[in-house]
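Okay, structure first, notes after.
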Amino acid sequence: MSQFWQPLIHELTPYTPGEQPDDWQSIKAKLNTNENPYPASPKALAAIREATNEDLKRYPDSDSKNLCQAAAKAYNLQPENVFVGNGSDEVLAHIFQGLFSKKAPILFPDISYSFYPVYANLYQLATNPIPLTEDFSIKTADYPAVNGGIIFPNPNAPTGKYLPLPEIEKLLKVNTDSVVVIDEAYIDFGGESATSLINTYPQLVVTQTLSKSRSLAGLRVGFAFAQPEIIEGLNRVKNSFNSYPIDRLAQAGGAAALQDHAYFTQTTQKVIASREALCNELQRLDFEIIPSKTNFVMAKPTKCEAKWLFEQLKTKGILVRYFNQQRISDYLRISIGTEDENQWLIDEIKALLTAK
Ligand SMILES: *Cc1c(COP(=O)(O)O)cnc(C)c1O
């Protein structure tokens, strides 16, 4: 604390990211932050290497035109429908600042991405968390008509549960006076994107990221897709804050990753297959599973405490995520690893439950 802190700073409760280890030597499997277990497309890595040249002395393209074009092509949209930011977290920050209204509370599920309340706090927006149903579903009929904006991940995080597209369209039909933001960080692991609805609904904003399905969490590239007027608004915010959020390496690597469709399909399919196999194994060990369409699974051990298992696994070099939070404190969130990593996890759980 310092006398120079302004009042707002005192009130901030920053987001706590999942642990990134300093000592990688002791880590056997890192299954705690939903990174992709497979490396990025070799073509993306080659493009980054190629961009590592004398041009780095120059500023990057402030509009990330090539990257926007590649994203538009990948999602069947126009470049005018694309906004790009330094990770989708930054895109979300600009959305909170520039598109949400202060006239009524912002709505999101009670169990959801924990960055939303942090941004609301930073930008002084009131919030109204809407409880998920008993089985962790989002019920759009529960969202009050008067609101300053609605945001939720689809599939939701950290539950992993997917809301079918017709349900989102139902919400868009009634909620026309404020923006509806669908955070599709995990959509590529089995869901259907709402980007197909963008041309129909001017209040719809879809965000995506290269961090999960494209294995580029370290590069920091995220998108918003919407009608051109919304995109123009986000660019106004961005250009009033940082005109060069996407560096040359990220622009080159991001575009190449989006163009390598074959590699993307292959790796996402592998993650999906591993998820189904891991869920079966966990169920055999009497875990209760929330059905997931993401690259992670929320699993509730019934033979021991979740927190105990989290701590024990950590001592064995296996990191998973535990949320000390109402309704989900009996669960572990486990990111899908490689086949080997998933097997190590299962073997360790078996050993721990036997030794207990
Ligand atoms: C990972 C994640 C993000 C942020 O992704 P970045 O692009 O790495 O900033 C946004 N929303 C949800 C729900 C996420 O899980």
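Rule-based calculations on the coordinates, nothing more; no lab input. Since this is a predicted model, take the numbers as computed values, not measurements. Cβ sites come from the backbone with ideal geometry, for glycine too, and all protein chains shown count toward neighbours.
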_Percentage relative contact order, the range 82-235, counting C-alpha pairs under 8 Å, at least six apart_ = 29 percent
*When only C-alpha pairs under 8 Å and at least 6 residues apart count, what is the relative contact order of the range 193-293, in percent?*
19 percent
*asked:* For a quick size check, give me the Cα extents of the chain along its three principal axes, largest first, whole Å.
replied: 59, 52, 51
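Would you mind checking the pairs Lys73/Lys173; Lys212/Lys300; Lys102/Lys161; Lys293/Lys316; Lys212/Lys293; Lys30/Lys307 and listing those with alpha carbons more than 21 angstrom apart?
Beyond 21 Å: Lys73/Lys173; Lys212/Lys300; Lys102/Lys161; Lys293/Lys316.
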_Compute, for the range 57-206, the length of the dipole vector about the Cα centre, with Cβ point charges of +1 (Lys, Arg) and -1 (Asp, Glu) only. Units Debye, rounded to 20._
400 debye
*Can you tell me the order of 114-122, 294-302 when each peptide is scored by its average per-residue count of other Cβ atoms within 10 angstrom, highest first?*
294-302, 114-122
*Ranked packing of 19-26, 312-319, most packed first, by mean Cβ within 10 Å*: 312-319, 19-26
*How large is Rg over Rh for the range 139-264, taking Rg from the Cα atoms and Rh as the Kirkwood inverse mean of 1/r across Cα pairs?*
0.98
*C-alpha center-to-center spacing [the range 162-212, the range 92-124] in angstrom*: 17 Å
*Which FRET efficiency, nearest 0.05, do Thr265 and Ser243 yield, Cβ-Cβ r, R0 45 Å?*
0.85
*If you count, for each residue, the other Cβ atoms within 10 Å and average over each peptide, how do 244-253, 343-352, 139-148 line up from highest to lowest?*
244-253, 343-352, 139-148
*asked:* Going 7 Å from the Cα of Lys103 along its beta-carbon direction, which residues of the range 138-180 have the amide nitrogen within less than 16 Å of the resulting point?
replied: 145-150, 175-180
*Taking 0.36 nm per intervening residue step and subtracting the Cα-Cα distance, what contour gain separates Ala355 from Glu311 on full extension?*
14.3 nm
*Can you pull out the GluC sites (Glu not before Pro) in the range 87-193 that DSSP calls coil and that have at most 11 other Cβ atoms within 10 Å?*
Glu134
*Could you bin all the Cα-Cα distances of the range 6-56 into 10 Å bins starting at 0 and give me the percent of pairs in each, rounded to whole numbers?*
17, 24, 28, 22, 8
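On full extension of the chain, what length is gained from Asp22 through Asp142, given 0.36 nm per residue of separation minus the C-alpha to C-alpha distance? It would help to have the intermediate numbers written out before the result.
Working: separation 120, 0.36 × 120 = 43.20 nm, distance 4.31 nm.
Taking Asp22 through Asp142 to full extension adds about 38.9 nm, to one decimal.
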_Net charge of Cβ neighbours under 12 Å - reference Ser26; Lys, Arg +1; Asp, Glu -1_ = +2
_Helical contribution to [θ] at 222 nm, DSSP H n ≥ 4, -39,500 (n - 2.57), averaged over the chain, rounded to 500_ = -11500 deg cm²/dmol
*Express the relative contact order of the chain as a whole percentage, based on alpha carbon pairs under 8 Å and six or more residues apart in sequence.*
24 percent
